[in-house]
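No lab work stands behind these numbers, since they all come straight from the coordinates. Computed from a predicted structure; not experimentally measured. Every residue, glycine among them, receives a Cβ derived from its backbone with ideal geometry; neighbour counts consider all protein chains shown.
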Amino acid sequence: MSGSTITPWVVGNWKMNPMQADASALLQNFKQLLNNQNIVEENCHIGIAPVAIALTAVRDSLKQANRTILTVAQDVSRVAGTGAYTGEISAELLKDNAIDFVLVGHSERREIFDEQPQILNEKVKNALNAGLTVIYCVGESLEQREAGQAEQVVLQQICDIAAVVNAEQWKNIVVAYEPIWAIGTGKTASPEDAQAMHAKIRQGLSQITAEGQNMAILYGGSVKPENAVELAACPDINGALVGGASLNAESFYKIAQAFANTK
Ligand code: 13P
């Protein structure tokens, strides 16, 4: 037991994977595992973030599971509504397609697609205004960590969005701490280091909003069944954002089970 009253979240970020046939087998296998040994909703929210083109198919497939599994978009447009914006998907269009959750601020979007705080703020604002729940990702690079700046960088990323989130909307935000050096590298932050950063994030959030004590703060970066139990035992780690291991039904299931067992 972690002692936390916050229901954990375990979300699989499929990134730019997999091909259709593999996605379909992965969903089948995952639903089968859930059907065999259920993880109840009250013990763990479970979500899957597929590529945009698969969102509605995944949403429909997940409806056949014996419990709610959330379909999460990996991105949303910085532009709201509808209009002449070739290639974009707005928060309103996601909502209209019954996609109620979205990732914003993933380090791959910050770094590879050069999404600066101003752009991320527009995305967060649009998503919240359209009624979506935002999984807002933060995290420092190895360089920043080695320079002793990790805390400052992460807290600044939290402060950035405070300008666009109103008092009522903080309950629709989940934070995901993903140290960049731990993503896809097999290197996980130690439970002690992760817990220390999560506690700082909670402290920072609590200075901004009364919701801070109730907000889920997920850890991401090489989460796998082998380290999930230890991470889940930390009081301020309220779930996981899982990349690589979410592409294997059994691994993803075991991670969800590790977090559900803390309740
Ligand atoms: P990995 O679990 O593959 O390290 O990816 C983490 C991540 O970026 C999830 O969003």
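A few points about this structure:
- The shape of the range 132-263 comes out oblate: with a ≥ b ≥ c from the C-alpha gyration tensor, a/c is at least 1.5 while a/b does not beat b/c.
- Which of 174, 68, 237, positive extreme of dipole for the chain (C-beta unit charges): 68
- Semi-axis lengths (Å, descending) of the ellipsoid that matches the C-alpha gyration tensor of the chain: 25, 24, 17
- Rounded, prolate or oblate (a/c below 1.5 giving rounded, otherwise prolate when a/b exceeds b/c) for the range 43-152 by Cα gyration tensor: oblate
- When +1 charges are put on Lys and Arg Cβ atoms and -1 charges on Asp and Glu Cβ atoms, the dipole computed for the chain relative to its Cα centre reaches about 520 debye.
- Listed cross-link partners 200/254; 95/187; 63/171 are compared with a 31 Å cut-off, the Cα-Cα value being larger for 95/187.
- Where only alpha carbons of the range 3-75 are counted, the Rg and the Dmax (Å): 12.5, 41
- With a simple spin-label model that places each label point 7 Å from the Cα along the Cα-to-Cβ direction, the separation between residue 65 and residue 112 comes to 2.4 nm.
- Unit charges on C-beta of K, R, D, E only; dipole of the range 1-103, Debye: 160 debye
- Radius 13 Å from Cβ of residue 162, net charge of other residues (Lys, Arg +1; Asp, Glu -1): -1
- Dipole magnitude (debye, nearest 20) for the range 104-240, charges at Cβ of Lys, Arg, Asp, Glu: 320 debye
- With the charge dipole of the range 1-141 set up from +1 on Lys and Arg Cβ and -1 on Asp and Glu Cβ about the Cα centre, the Cα lying farthest toward the positive end among the listed residues 14, 97, 128 is that of 97.
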